[in-house]
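Trainee: Here it is, the structure, as structure tokens.
The values are calculated or read from the model by the stated rules, or taken from the named source; none is laboratory data. Note that the coordinates shown come from a computational prediction; the quantities given were computed from them, not determined experimentally. Backbone-built Cβ (ideal geometry, glycine too); neighbour counts: all protein chains shown. Each accessible area value is taken on the protein alone, full model and side chains, heavy atoms only, with ligands, DNA and RNA left out. Shrake-Rupley method; radii C 1.70, N 1.55, O 1.52, S 1.80 Å.
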Amino acid sequence: MATGIEIVPSVLPCDFGALGTDLERLEDAGVDKIQFDVMDGHFVPNLTFGSDIIAAARKYTSLPFEAHLMIFAPENTLQRYVEAGCDLIIVHAEATVHLHRTLTQIRDLGVRSAVALNPATPISAVEYVLDSCDMVLIMTVNPGFGGQAYIQEMEPKIVALKRLLSDRNLDIPIEVDGGISPKTVVGAVKAGATHLVSGSSIFSSPRGLKGAVAEIRELAEAATN
Ligand code: DX5
């Protein structure tokens, strides 16, 4: 039975001087899609990269790309991430004044839309835009940096979101991002998450990338039963 589990590496731990090589390694390791953590230094206290880096990375893998826009006013630059080769664009509910319009704009550009919620933001913030979403991302850290501790208090929020989606007959995935590792993935999946963003855990695993991806996938698949 398809469990819907997807392993989604964050590029934050990658060697940005050899990003293409790391993307080839990730594809070889069996990941399902790649998450690019775009940060503007204002919405989050860190600055990473923009659409040009994603465009440069596109030729190194055929895997789907998702842009996690941790930036204010993402509506101003959506087209650039589509042109860069992203199949899905994630915007933060806290970062755009007109969230419904922004999500609709993403779909009008021909790609899938998703909304992300910071740990303190209740799921009521997205209650009236779920029909405009192809995924919901529950942050399990405060965004801005990799290597942070998983916030277990987010699990009841995942459970509540899962119930809301079920009540609405919306079959869209819940993605979690932040501190996902072999120690935390089971709790997140049992709560209802299926798309699992991981950075530091898979890149630092003694098992190597392929072994780390397989380990998280095995634990996640088993937790869906
Ligand atoms: C937070 C980043 C991180 C990253 C995953 O802004 O979005 O959550 O993707 O990093 P790890 O897996 O190291 O927590």
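Trainee: Of the conditions (1) closer than 17 Å to Gly192 by Cα; (2) part of a loop (DSSP other than H, G, I, E, B), Tyr128 fails just one. Which one is it?
Mentor: (1)
Trainee: Further question: Out of Asp37, Asp32, Asp22, Asp52, report the one residue that is open to solvent by 10 Å² or more (accessible area, probe 1.4 Å), within 16 Å of the ligand (Cβ to nearest atom), among the acidic types (Asp, Glu) and outside any loop (DSSP other than H, G, I, E, B).
Mentor: After ruling out the rest, the residue left standing is Asp22.
Trainee: Right, another one. Among the residues of the stretch 1-9, is any assigned to a strand (DSSP E or B) and away from the ligand (no atom under 14 Å from the Cβ)?
Mentor: Checking the stretch 1-9: at least one residue is assigned to a strand (DSSP E or B) and away from the ligand (no atom under 14 Å from the Cβ).
Trainee: Still on this structure, I have one more. Looking at Leu130, is it in contact (Cβ under 8 Å) with a residue 40 or more places away in the chain, surrounded by 16 or more Cβ atoms within 10 Å (Cβ to Cβ), farther than 23 Å from Ala67 by Cα and more than 16 Å from the chain's Cα centre (by Cα)?
Mentor: The answer is no for Leu130.
Trainee: Then there's this: Looking only at the stretch 55-74, count how many residues are open to solvent by less than 10 Å² (accessible area, probe 1.4 Å) and within 15 Å of the ligand (Cβ to nearest atom).
Mentor: 7
Residues are listed down the side, and each one gets a yes or a no for (1) hydrophobic (A, V, I, L, M, F, W, C); (2) farther than 20 Å from Thr140 by Cα:
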{"position": "Pro9", "(1), (2)": "no, no"}
{"position": "Asp15", "(1), (2)": "no, yes"}
{"position": "Thr21", "(1), (2)": "no, yes"}
{"position": "Ile34", "(1), (2)": "yes, no"}
{"position": "Asp37", "(1), (2)": "no, no"}
{"position": "Arg58", "(1), (2)": "no, yes"}
{"position": "Ser62", "(1), (2)": "no, yes"}
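Trainee: To continue, here is another question. If we only count helices (runs of 4 or more DSSP H) wholly inside the stretch 133-209, which ones have 1 or more residues that are away from the ligand (no atom under 16 Å from the Cβ)?
Mentor: 155-167, 185-191
Trainee: Mind checking whether some residue in the stretch 104-125 is open to solvent by less than 60 Å² (accessible area, probe 1.4 Å), more than 15 Å from the ligand (Cβ to nearest atom), of a type in the set (D, E, K, R) and under 18 Å from Leu69 (Cα atoms)?
Mentor: For the stretch 104-125, residues open to solvent by less than 60 Å² (accessible area, probe 1.4 Å), more than 15 Å from the ligand (Cβ to nearest atom), of a type in the set (D, E, K, R) and under 18 Å from Leu69 (Cα atoms): absent.
Trainee: Which of the residues spanning the stretch 64-100 are over 18 Å from Phe43 (Cα atoms) and assigned to a loop (DSSP other than H, G, I, E, B)?
Mentor: Result: Pro64, Ala84, Gly85, Cys86, Asp87.
Trainee: Would the stretch 197-206 turn up any residue that is of a type in the set (A, V, I, L, M, F, W, C), open to solvent by less than 20 Å² (accessible area, probe 1.4 Å), at pLDDT 95 or above and over 16 Å from the mean Cα position of the chain (by Cα)?
Mentor: no
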